[in-house]
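All of the numbers you see were taken from the coordinates with simple rules; none came from a lab. Note that the structure is predicted; figures quoted are calculated from it, not measured. Counting neighbours? That spans all protein chains shown, and the Cβs are built from the backbone with ideal geometry, glycine included.
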Amino acid sequence: MFHTGMRSGTAVQADESAPDSELYFQRCRWCHTTTFQRLLCPTCGSTELAPELSGGEGVISVRRGVAAADADLWPVHMAEGFVVRCRVDGPLHAVRPGVRVKLSGNGSSGRRPVVRLCEEVPFDGWY
């Protein structure tokens, strides 16, 4: 399992037996804006970003202008206020904006976090 986040400026290799991944984000020490894997605060431009552990819960957001290489990635608005692009573990028909997700420890996806659906959406056959 691969943890995504900032610990001493590098990503952390996790134990395969870990039940859930950890996701670290950054909080600006000046304006308290949250962000994910940045060198500068997107609001005030400060370089003083402190790593914090995310609770791992979020909501899938609308995606626009998706390149073919990123077709399986979805933007997830995390509870702490930052957005991260994730792979979603769940039935394809249930993956859509507005669905709640939680960080998952299932599967390695390189540097991208994997989230699983919190609520199962029944397939009604309509699109």
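What to note about this one:
- Antiparallel content of DSSP bridges confined to segment 55-121, in %, to 5: 80 percent
- Relative intensity of segment 55-121 on a log10 scale, I(q)/I(0) at q = 0.15, 0.16, 0.17, 0.29 Å⁻¹, equals -0.40, -0.46, -0.53, -1.52, per a Debye sum over C-alpha point scatterers of equal strength in the absence of solvent.
- If R0 is taken as 30 Å, the Cβ-Cβ distance between L39 and A71 corresponds to a FRET efficiency of 0.65.
- Gain on full stretching of the segment that runs from R112 to A79 - 0.36 nm per residue minus C-alpha separation: 10.1 nm
- Peptide ranges 44-54, 74-84 listed from the most packed, as the mean C-beta count within 10 angstrom indicates: 74-84, 44-54
- FRET efficiency estimate (nearest 0.05) - Cβ-Cβ, R87 to A50, R0 25 angstrom: 0.40
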